[in-house]
Amino acid sequence: MLKGILSAPSLTELHKDPSDSKLKRTCAEFESIFITYMLKSMRNTVVEGGLLVKSNEGKIFNSMFDEKLGQGIANSGGIGLGKMLFEKLKG
């Protein structure tokens, strides 16, 4: 019994992912959130009018659109932020 306890992996070994896939996924998600926030900030600078009015429904649609667009941009290579974060944090 004691031999089994002594050969158990340490706590840091349990949380270590050899392929760094969790870190890569987290960096891509962060990039997606960053791009979404950037798109929403850019949308706030545009004057009112256009296809969708500034109603509640229009705001919800634009918010959902920005979120999906941000995810799509990040998943298709993004702006390089996720890759840069991954390279800095993987060490």
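Please work out if S41 is assigned to a helix (DSSP H, G or I) and without any contact (Cβ under 8 Å) to a residue 24 or more places away in the chain.
Yes.
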> Could you count how many residues in segment 58-91 are more than 19 Å from the chain's Cα centre (by Cα), loosely packed, with under 10 Cβ neighbours inside 10 Å and in a helix (DSSP H, G or I)?
Replying inline: 0
>> Pairs needed: first member in segment 22-33, closer than 20 Å to K68 by Cβ and free of Cβ contacts under 8 Å to residues at least 60 places away in the same chain; second member anywhere, surrounded by 14 or more Cβ atoms within 10 Å (Cβ to Cβ) and aliphatic (A, V, I, L, M); C-beta distance under 7 Å; at least 6 residues apart or different chains.
In response: A28/A74; F30/L85; E31/A74; E31/L81; S32/A74
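Laboratory data are not the source of any read-out in this text; all were calculated from the coordinates shown. These figures come from a predicted structure and were not determined experimentally. Ideal geometry is used to build each Cβ from the backbone, glycine not excepted, and the neighbour counts take in all protein chains shown.
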